[in-house]
Amino acid sequence: FARTVIDLHEQRCCERNNGQDHDGNKIARKDGENVLAPIVSRFDKILRIDYDSITQQELVICNEKNDSSQYAGLGVHSTSFGSNDLEAWRKSRVRALETLKDALITHFAENSNGSSLLIIMDDNFHLRSMRRDVYRSCQEILAMPLLSINHPSQTQIGFSTAYFSTPLDVCLQRNNLRSGKECIPIDVINRMASAMEPPDETKPYASFERFHVLIDADMNSKNSDILYGIEQCLQKSLQSPILPKNELSREEIAQLEQQRIRQREETLNCQIQRIDQLLRKLVGAVGRVEKKRSREANEARKSIMERIRKHDDAVDRSDDSVVRHFACSILGTEINNDWYDLDDPLVQSIKVTFQEFQKDR
């Protein structure tokens, strides 16, 4: 589809330059191309960002950077996949989005005559997060103050997704016709098919996918049906353009809240681990002075850890508080700061152990 759009657009531009496109009827003559004509005619410029091509470029760079006997003789046409391929794939994701942003900035900065641009992000985008990255990149561009000041009415971006639902057996058949690295390992295709997340705006954090078209891309699909669905989807997305990212959406707020919960749990787990290490050292400090009280000290450790593990913000998890509770439990005194001044071998051993623990940390 992407190549067809580019070819027809170039043909349209050539015919226009040659004075053959006054009535707009000199292009799109074949089946399906008549339906594609509105797409081609709607936009003054069309840019295709091909992830596969970018990956191949990055792979060449990776191979040159990691030039060693391990990669000697390997190139973009090698049939084996290695760490360089994974590195190149990851970098291509970043570079493709940078290319998108640069293209949008350049277009809006130079767009004084209201010209239109179609950018085709050509990739399988099998995960929703990948498509969300593209959407958020567009939002970031729209939020740039200089763009909205220069041409506020012309700074608009529509976002839509064309999902080609191709049966797995058809994918495998087509893959068998490929050679070299273009022939993807079967297990990779199977894993990707299992992980595939079709566009669905009803899913959590997926409202950005409200404009999408599902295309049955098997051998029996007609070009006219495919292109008509894409043209209609594009038209709807242009009528409801992306809003600048000036504030967080409800989805992002919920997502940030989940992130804060995860971070809080990670912090709590780190605190619990640290406290357990401290208490175990204090148990050892008691055993060195009075070995027969080691069991009692370990029970005190368990009791304190049970209280610490409760998700209660009122619980004081500071080192000083933990040591105070442990010492007072062993000494049989009330939980206060007076224990620190007691003239007792156990107190001295606990104090020294605590000081060494803090020094090591």
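The values are calculated or read from the model by the stated rules, or taken from the named source; none is laboratory data. These numbers were taken from a predicted model, which means no experiment stands behind them. When we count neighbours, we look across all protein chains shown, and the Cβ atoms used for this are built from the backbone with ideal geometry, even at glycine. These accessible areas exclude ligands, DNA and RNA; they are computed on the full protein's heavy atoms, side chains included. Shrake-Rupley method; radii C 1.70, N 1.55, O 1.52, S 1.80 Å.
Observations
- Given their separation in residues at 0.36 nm each and the Cα-Cα distance between them, residue 115 and residue 183 gain 20.5 nm when the chain is fully extended.
- In this label model, residue 235 and residue 352 are separated by 8.7 nm, measuring between points 7 Å along each Cα→Cβ vector.
- FRET efficiency estimate (nearest 0.05) - Cβ-Cβ, residue 319 to residue 258, R0 51 angstrom: 0.95
- Between residue 269 and residue 83, the C-beta separation translates, for a Förster distance of 35 Å, into a calculated FRET efficiency of about 0.65.
- Built amide H within the under 5 Å cut-off of residue 120, gap 5+: 47, 48, 49
- Sequence-ordered 3J(HN,Hα) estimates for the stretch 277-290 from the Karplus curve with 6.51, -1.76 and 1.60 and θ = phi - 60° stand at 4, 4, 4, 5, 5, 5, 4, x, 5, 5, x, 5, 8, 9 Hz, glycine and proline given as x.
- Of the peptides 187-195, 227-235, the order by per-residue mean of other Cβ atoms within 10 Å, starting with the highest, comes out as 227-235, 187-195.
- Surface per residue (accessible, 1.4 Å probe) for the stretch 155-244, Å²: 60
- Cβ crowding within 10 Å averaged over residues, with 253-263, 54-64, 292-302 ranked highest first: 54-64, 292-302, 253-263
- Simple label model, 7 Å out from Cα along Cβ direction - residue 276 to residue 194, nm: 3.2
- The slack in the chain from residue 303 to residue 93, taken as 0.36 nm per residue of separation less the alpha-carbon distance, amounts to 70.6 nm.
- Gained length - residue 175 relative to residue 41, 0.36 nm times residue gap less alpha-carbon distance: 44.9 nm
- Distant-in-sequence amide contacts of residue 159, defined by a placed amide H-H separation under 5 Å and a gap of 5 or more residues or a different chain, comprise 242.
- Principal axis box of the stretch 263-361, alpha-carbon based, largest edge first, Å: 41, 28, 24
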